[in-house]
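Reviewing the structure listed below.
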Amino acid sequence: MRTIETLKSTHNLPDAELLELLETADEALIRQLKAAALEVKLAVKGEEVLRRGLIEWSNVCRNDCLYCGIRRSRQGVARYTLSREQILSCCERIHAAGIGTFVLQGGENPAGALELVPIVRTMRERWPSTAITLSLGELPFETYALLKEAGANRFLLRHETANPEHYRQLHPAPMRLESRLECLHELRRLGFEVGMGMMVGSPGQSRQHLLEDIRLMQSFGPEMIGIGPFIPQADTPFEHHPAGSAETTLRLLAIMRLILPQANIPSTTALAVLTGSKQAGLEAGANVVMPVFTPETEKIKYDLYKGKYHV
Ligand code: 5AD
């Protein structure tokens, strides 16, 4: 199949052929796409599925993203922020499980993020060889610098959509795609390994938008790529919108594996909610899983989308 061989060898295809891969009903072609992604993953990243221990630090968020279950204006969310002791005890459990990366993720909360600086420093002192990944949204550049200096290595900040108009449909003012992209560039400049990514099938997303996402990620070349389907959440403006397609998500994972062979790509929880497990993602080119180590009592409150804490 010329299309996929071309993608494998040049890490690039014209737009029309990428669109065809996203849209085709030709099952043989799609089997080959996923098989090629799996082959490239095994050749470049090896057999090992990398594990990252996820600590959902806080569901306090200043933003009001229309899709998200911890958006600021969603009522009935019991807001929490883990204490220093709770975070360090999550780290103990992650380390004891033999996992080499802590991921601290939370809502966008600049004041709270600043309080994480000394905690990150302690994590770095206690576990010198464990990678520390942060996923805390858009923060003042000084805060990014302080977190980096305290010992964090990586930062995940999904761009959510590469199209400015579509970005505005998902994120009310003052959020802007431009400032998200500026943050991604600053994070890289500071020496973080950077992750970006988006939801598949978010309301208003077209095939053309997905193509723009592919091109944006291709040109930025993130070290990590997070892609999951949109899943509606109750009591959000998008609660009645249909979920994104698991199949399209898998195709996009496979395409990104072929375009950026070195990237670390998780098989996301949102995808597992739709497919029943992390397996399909791993077979389409993903090489990372992120088991959740948030304390049970708080885990149910980190309720980004329907079904999240049941997998
Ligand atoms: N469906 C799927 N993913 C979601 N996220 C937030 N809300 C939803 C939803 N309803 C994703 C966003 C965000 C990440 C932490 O979770 O892409 O970046």
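The values are calculated or read from the model by the stated rules, or taken from the named source; none is laboratory data. The model shown is predicted, which means the values in this text are computed figures rather than measured ones. Note that each Cβ is placed from the backbone with ideal geometry, even for glycine, and that neighbours are counted across all protein chains shown.
The set of residues in segment 195-208 being outside any loop (DSSP other than H, G, I, E, B) and surrounded by 18 or more Cβ atoms within 10 Å (Cβ to Cβ) consists of Gly195, Met196, Gly197, Met198, Met199, Val200. Criterion first (more than 16 Å from the ligand (Cβ to nearest atom), in a helix (DSSP H, G or I), over 20 Å from the mean Cα position of the chain (by Cα) and surrounded by fewer than 18 Cβ atoms within 10 Å (Cβ to Cβ)) does Glu178 satisfy it? Against the criterion (more than 16 Å from the ligand (Cβ to nearest atom), in a helix (DSSP H, G or I), over 20 Å from the mean Cα position of the chain (by Cα) and surrounded by fewer than 18 Cβ atoms within 10 Å (Cβ to Cβ)), Glu178 does not qualify. State whether one or more residues within segment 138-155 are within 11 Å of the ligand (Cβ to nearest atom) and either surrounded by 18 or more Cβ atoms within 10 Å (Cβ to Cβ) or not basic (Lys, Arg) (or both). No: segment 138-155 contains no residue that is within 11 Å of the ligand (Cβ to nearest atom) and either surrounded by 18 or more Cβ atoms within 10 Å (Cβ to Cβ) or not basic (Lys, Arg) (or both). Here Thr236 meets each of (1) touching a residue at least 60 places away in the same chain (Cβ under 8 Å); (2) part of a loop (DSSP other than H, G, I, E, B); (3) away from the ligand (no atom under 13 Å from the Cβ) with one exception, condition (3).
The residue list Pro242, Pro222 contains one member that is within 16 Å of the ligand (Cβ to nearest atom), more than 19 Å from Lys34 (Cα to Cα) and in contact with a Phe, Trp or Tyr (Cβ under 9 Å, 6 or more places away or on another chain), which is Pro242. Checking each residue in segment 98-146 for being of a type in the set (Asp, Glu) and in contact with a Ser or Thr (Cβ under 8 Å, 6 or more places away or on another chain) picks out only Glu138.
Applying the condition of being without any contact (Cβ under 8 Å) to a residue 40 or more places away in the chain and either among the aromatic types (Phe, Trp, Tyr) or not in a helix (DSSP H, G or I) (or both) to segment 7-45 and asking which residue is surrounded by the most Cβ atoms within 10 Å (Cβ to Cβ) yields Leu13.
Among the residues of segment 137-175, the ones that are within 30 Å of Arg124 (Cα to Cα), free of Cβ contacts under 8 Å to residues at least 40 places away in the same chain and within 18 Å of the chain's Cα centre (by Cα) come to 1 in all. Would you point out the residue of segment 255-304, among those that are of a type outside the set (A, V, I, L, M) and under 14 Å from the mean Cα position of the chain (by Cα), that is farthest from the ligand (Cβ to nearest atom)? Residue satisfying both the conditions and the ranking: Asn287. Among the helices (runs of 4 or more DSSP H) confined to segment 241-302, the ones with at least 2 residues that are closer than 18 Å to Val49 by Cβ and at pLDDT 95 or above are located at 246-259, 269-275, 279-283.
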